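The values are calculated or read from the model by the stated rules, or taken from the named source; none is laboratory data. Predicted, not measured: the structure shown is a model, and the values here were computed from it. Neighbour counts run over all protein chains shown; Cβ positions are idealised from the backbone, glycine included. Just so you know, the surface numbers come from the protein's heavy atoms only, side chains and all, with ligands and any DNA or RNA stripped out. Shrake-Rupley method; radii C 1.70, N 1.55, O 1.52, S 1.80 Å.
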Amino acid sequence: MTPDAALAAWPAGELRPSLPPLAPGVAAALDDEESLAGCTRWQQTADGSREALTTFAVQGMYCAACAGLIESAVSAVPGVRGAEVNAASRRLQVRWDPRRARASALVDAVARAGYRALPAQRADAQAALKQESRNALWRLFVAGFCMMQVMMLTLPVYLAEPGEIAPDLLALLRWAAWVLSLPVLLFSAGPFFGGAWRALRQRRIGMDVPVALGIAITFIAGTGATFDPGGRFGAEPYLDSMTMFVAFLLGGRWLEMRARARSTEALDALLQRLPDSVERIAADGSVERVPMARLRAGDRVRVAAGQAFPGDGTLQDGHTEVDEALVSGESRPVLRRAGDGVIGASINLSAPVVVRLDRVGEGTRYQQIVDLVQRALTERPALVRAADRLAGPFLWTVLALAAASGAAWSVIDPPRALWIAVSVLIVTCPCALALAAPAALISAAGALARRGVLVQRLDAFEALARSDLVCFDKTGTLTQDRLRLVETRLAPDADAEGLRVRAASLAALSRHPLSVALAEALGPGQLDWAEVREVAGRGVEALDPTGRTWRLGAPDWVGATGRSEGARPVVACAPRDASPSEQVAYFFDEALRPEAADALQALRRQGVEVRLLSGDAPASVQAAAASLSIAQAEGSATPERKLEALAAWQREGRCVAMVGDGLNDGPVLARADVSFALGHGSALAQQRSDFIILGSRLGEVPAARLLAQRTRRVMRQNLTWAVFYNAACVPLAMAGWLPAWAAGAGMALSSLAVVLNALRLSS
């Protein structure tokens, strides 16, 4: 049986207390390392052993209590070193020892707990998610249809005066309503009973426990009132309320499911970029279609227009435009010709091309991005963990309040005791409390991903929102990674064009950064040189067609009169024993990033202080600070000095955000309250940072801070709403002022309101 066939063979609903383990065909597929390549990262542990970090998509979970059940079940598997579930994104991340555990055993553990798990990047997971959505819609349809029919049958009982309806007709109406409530109980309410059984079987309590109790008690009471109107349950029709609050709960869950899927769509889009198979060109020129897992570095592949590049590589044949928006942050298509590099998962837009793969799988830039996205989807920040810990005691309190309310009202007004106890069970909603923070954080992370900013630590949103000081590195961060020609000095009677040609042609003979910058600035220069010699640290010299020796390099070595001014590098060009009219000096400066001034100004408008801390020469740092209106700047700062400065600011009570890109920025990025690394920066800087700006656009720093502040406001709104809702509605239910159907509607709308409020962050 194929994995797809096994998936299709699974039951459509969750009517049983637990789901069967995976079919053997699916298990065999999962235990093949190549099939896990898209969702598993292999890493070395401290003792040199091999460890797997696998991400699964989970079906059937609705609240934080579900997350706890899954974590407990997976953690019990021998060889599992850690399991973490994010309820908002419904992702499970497992660290496991491949020598002691298998991926199929992890999935079986989830199935035994009553849920379903599939590798997050497999097409099966996407198909299963769609199937789950369809099943939820069917349950909602059945509950809504039966609810309307039951309401139609019970309405005459409410409106008619005693004795107006004949006893046999009244019994028929009640029996018909009871029959129509059975599909709601057995099919539509199946997930609630299944979730409650799973929780109780593991000796834990989840949100489905009070809901299932409320549904069961109401149905039992309704059955008693239907078949024995004069009995202990009385003649009050209960089944209309039962069908109504089941329909409301399912409607809220379905809308919540759709909203949560939308909040993670930007992150999921990054995880589904690579093609399933590609055309590989063999040494003899033949072409075969192979799956991604069989590609190796050095393979030549043909990439059609509209297809994603399967790995990082070099364009060998053809030219095209490439969409790198999701992997580099570049919003406009970029032109790539033969010899240019391409990034894996970027989209070929224009024409078929042939690419030689330099890196595939681990080590590609795309895989690094995927690892960061998976981390954001599965991480549970401190605020989320605190809310999860509160959910269990909260539910026990709810059960105690419901029992106490029922007992009290059985003395005060016995006919109302059952309804009030059911209303207390149903109205409470720890789901809203548990989803308040993660829904907002995932939505914000998705919004940043669409802008080309990846989040490594969800906790960093809170620190970024509080930050009041942003410190920038200079070289490579505020400045571009190249020099620019700012001034040319030569005598008034000099041959400007002749000197330009000589300087340009000599610069083209060297790969020194200053020579490269000069050649780009001066343009082409054609001259035949002989006896070319480059002197390390000094420059390049050669004989011109007349036999005269010319030099290009340091002014004192060339023998020219130009000297370096401050921090500005200078390159001179002149022949041996040159007169002043034969000399030319080119002055360079670092090029500030075009968006740097606007980004810093945007931070100042937000009330943030901006400082500059760099290891570059003080004169160069002060020049950059003056250009950007930075009042406090320090040069010649070693990594140790940067840490000292950062610690001093933090002792003053400042919340510091650090922006850098270099290897020497790694320690200070790790120590800062929140940190940004630019996409072109070193691997160490990116590993130590909280946010990575793929396109290296500084304007994303103030934009991310504004979003972090909005995220904090939304989280506080969600938490306030969740606390206020429960504080207001539980007393109302206990006082008998909230009927069961209204309690069900309130619970559903509470969770939905939290998710929809968080969804505003993704716009």
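Listed values, structure above:
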{"read-out": "Linear extension gain, Val334 paired with Arg203, 0.36 nm per residue minus alpha-carbon span", "value": "41.5 nm"}
{"read-out": "Per-bin percent of Cα-Cα distances, the stretch 109-218 [10 Å]", "value": "12, 30, 29, 17, 9, 3, 0"}
{"read-out": "Value of D in µm² per second that Stokes-Einstein yields for the stretch 446-574, Kirkwood Rh from Cα pairs, at 37 °C (0.692 mPa s)", "value": "184"}
{"read-out": "Ranking by accessible area, most exposed first, for Ile412, Ile442, Ile281 with a 1.4 Å probe", "value": "Ile412, Ile281, Ile442"}
{"read-out": "Where labels lie 7 Å past Cα in the beta-carbon direction, separation of Asp598 and Asp168 in nm", "value": "8.4"}
{"read-out": "Protection-proxy order for peptides 550-558, 722-730, each taking the mean of Cβ atoms within 10 Å per residue, highest first", "value": "550-558, 722-730"}
{"read-out": "Efficiency of FRET between Asp495 and Glu288 - r from beta-carbon atoms, R0 56 angstrom, step 0.05", "value": "0.35"}
{"read-out": "Among 46-52, 221-227, 496-502, the order from most to least packed when residues are scored by Cβ within 10 Å on average", "value": "221-227, 496-502, 46-52"}
{"read-out": "Inter-label distance for Ala305 and Ala408, nm, one decimal - labels placed 7 Å from Cα along Cα-to-Cβ", "value": "7.3"}
{"read-out": "Three principal axis lengths of the stretch 708-760 [C-alpha, angstrom, descending]", "value": "42, 17, 8"}
{"read-out": "Cα-centred dipole magnitude for the stretch 597-679, charges only on beta-carbon of K, R (+1) and D, E (-1), debye, nearest 20", "value": "200"}
{"read-out": "Relative packing of peptides 615-628, 458-471 - highest average C-beta neighbours within 10 Å first", "value": "458-471, 615-628"}
{"read-out": "Förster radius 45 Å - calculated FRET efficiency between Ala735 and Arg605, Cβ distance, rounded to 0.05", "value": "0.35"}
{"read-out": "Virtual spin-label span in nm between Asp358 and Arg548, 7 Å along Cα→Cβ", "value": "4.2"}
{"read-out": "Evaluated at q = 0.14, 0.17 Å⁻¹: base-10 log I(q)/I(0), Debye formula over Cα of the stretch 572-656", "value": "-0.64, -0.81"}
{"read-out": "Whole-number Å³ per residue for the convex hull built on Cα positions in the stretch 495-540", "value": "73"}
{"read-out": "Which of Ala704, Ser636, Val714, positive extreme of dipole for the stretch 600-741 (C-beta unit charges)", "value": "Val714"}
{"read-out": "Förster-model FRET efficiency, 60 Å R0, Trp396 and Glu161, C-beta, rounded to 0.05", "value": "0.85"}
